[in-house]
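The values are calculated or read from the model by the stated rules, or taken from the named source; none is laboratory data. This is a predicted model, so every value here is computed, not measured. Cβ: placed from backbone, ideal geometry, glycine included. Neighbour counts: every protein chain shown.
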Amino acid sequence: MDDSRETNANEAISEKRVIGIRRLKEPMPTPIKTRIFTVANQKGGVGKTTSAVNIAAALAMGGLRTLVIDLDPQGNACTALGIDRRNKPGMYEVLVKDRPFAEIVQKVAGFPHLECAPADRELAAAEINMVGMVARESRLKISLTKYLHDREANGERFDYVIIDCPPSLGLLTVNALTVAEEVLVPIQCEYYSLEGLTLLIETLNQIQQILNPVVKISTIVLTMFDSRTRLANDVANSVRQHFPNELIDTPIPRAVRISEAPSFNQTVMTYDALSPGAIAYMTVAREIARRGNPTTNNEVHTA
Ligand SMILES: Nc1ncnc2c1ncn2[C@@H]1O[C@H](COP(=O)(O)OP(=O)(O)O)[C@@H](O)[C@H]1O
Ligand SMILES: [Mg+2]
């Protein structure tokens, strides 16, 4: 057999692949109720979309039913998930025209547990068109809550909803922060990263007071991390100091495969599942799932 002629090196590689794939397929703990995450940071290019789609893909690979909502008019999350948004209704229709979620959600090819509510071309006009509406900050909350309820009633409950936001704190992001209980903040370790965080926290405080008392920053992920630079380590230490409970210990390394994947309409989880970037996102997703499960996160419940 050909196998018998494999070199030791090849055997080592195939062994590694088997272990890697087995770990990818290991199921993750199911949360008690649907966890809604808003991925927010008003800075552009910090890894919001990359984190949203890859964490969602990793959760789905762990067997958790996951919905990605693309709330950025640029539609980058759709691109990475291979979602066709030409002439298809999307989030503008939901937010401005009251179209039900059920009519816009698409299945993501290759992932039995992953679905996506796409950004349509008109979404860029949503902020302006929502300004005069009643409960303009709660449009997403009203429509999403109904959809999640209907899905649950059909026995198709989502375990996770991950909302990808545009790089601003405008009405679309405010809508996302109003429906979520948890905010995931990707931080790129560079000089001004923490200053941007202050503004996000101020906005969040206002939303807590008026619109959504339970929302909080639950998760911080360091992105495009380069452990060789002093600055990256300094920023990481500073984030750890301020957010010891929120920071996920595994940083996402700067990795070529992560940045290549979207041009093939893929997440890195399928594009190169055993690359360091994919393994890092899988580790982060596992940690998120573990923290959300009260049987594994050491929380003590008293009566
Ligand atoms: N870990 C990473 N390694 C290399 N490139 C990355 C990484 N994370 C993101 N990128 C790239 O950086 C750019 C910005 O990331 P993106 O997720 O689109 O940011 P945002 O959504 O915050 O604007 C994209 O081109 C993306 O492919
Ligand atoms: Mg983005």
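Give the number of residues within the stretch 174-192 that are within 12 Å of ligand 1 (Cβ to nearest atom) and of a type in the set (S, T, N, Q).
1
Only residues that are assigned to a loop (DSSP other than H, G, I, E, B) and within 12 Å of ligand 1 (Cβ to nearest atom): list them for the stretch 151-169, please. Full working, then the answer.
Here is the first cut: in the stretch 151-169, the residues assigned to a loop (DSSP other than H, G, I, E, B) are 154-159, 165-169.
Passing the criteria: Cys165, Pro166, Pro167, Ser168.
Go through the residues of the stretch 91-110 one by one and say whether even a single one is buried (at least 18 other Cβ atoms within 10 Å of the Cβ), within 16 Å of ligand 2 (Cβ to nearest atom) and either over 20 Å from the mean Cα position of the chain (by Cα) or more than 20 Å from Tyr271 (Cβ to Cβ) (or both).
Yes: one or more hits.
Only residues that are assigned to a helix (DSSP H, G or I), in contact with an Asp or Glu (Cβ under 7 Å, 6 or more places away or on another chain) and within 11 Å of ligand 1 (Cβ to nearest atom): list them for the stretch 69-81, please.
Ala77
Quick check on my filter: what residues within the stretch 260-276 are touching a residue at least 60 places away in the same chain (Cβ under 8 Å) and either in a loop (DSSP other than H, G, I, E, B) or under 24 Å from Leu197 (Cα atoms) (or both)?
Asn265, Gln266, Thr267, Ala273, Leu274
State which residue is surrounded by the fewest Cβ atoms within 10 Å (Cβ to Cβ) when the search covers only the stretch 218-260 and only residues that are in contact with a strand residue (DSSP E or B) (Cβ under 6 Å, 6 or more places away or on another chain) and hydroxyl-bearing (Ser, Thr, Tyr).
If we take residues in the stretch 218-260 being in contact with a strand residue (DSSP E or B) (Cβ under 6 Å, 6 or more places away or on another chain) and hydroxyl-bearing (Ser, Thr, Tyr), then Ser218 is surrounded by the fewest Cβ atoms within 10 Å (Cβ to Cβ).
Scanning the stretch 122-164 for residues that are of a type in the set (A, V, I, L, M, F, W, C) and in contact with a strand residue (DSSP E or B) (Cβ under 6 Å, 6 or more places away or on another chain), which turns out nearest to Ile201 (Cα to Cα)?
Among those that are of a type in the set (A, V, I, L, M, F, W, C) and in contact with a strand residue (DSSP E or B) (Cβ under 6 Å, 6 or more places away or on another chain), it is Ile163.
Test each condition in (1) surrounded by fewer than 24 Cβ atoms within 10 Å (Cβ to Cβ); (2) touching a strand residue (DSSP E or B) at 6+ places or on another chain (Cβ under 7 Å) for Asp72 and report the one that comes out false.
(1)
Please work out if Leu140 is within 16 Å of ligand 2 (Cβ to nearest atom) and under 18 Å from Ile104 (Cα atoms).
Values: within 16 Å of ligand 2 (Cβ to nearest atom): no; under 18 Å from Ile104 (Cα atoms): yes.
In short, no.
Identify, from the list Asp150, Asp164, Asp159, the residue that is of a type in the set (D, E, K, R) and within 16 Å of ligand 2 (Cβ to nearest atom).
Matching residue, one of Asp150, Asp164, Asp159: Asp164.
From the residues in the stretch 36-68 that are in a strand (DSSP E or B), under 9 Å from the mean Cα position of the chain (by Cα) and among the hydrophobic types (A, V, I, L, M, F, W, C), which one is nearest to ligand 2 (Cβ to nearest atom)?
Taking the candidates together, the pick is Val39.
Taking the residues in the stretch 77-90 that are under 24 Å from Ser138 (Cα atoms) and surrounded by fewer than 20 Cβ atoms within 10 Å (Cβ to Cβ) as candidates, determine which candidate is modelled with the highest pLDDT.
Step by step, filter the stretch 77-90, then rank; the result is Pro89.
Scan the stretch 147-173 for residues that are farther than 17 Å from Gln106 by Cα, aliphatic (A, V, I, L, M) and surrounded by fewer than 23 Cβ atoms within 10 Å (Cβ to Cβ) and report the count.
3
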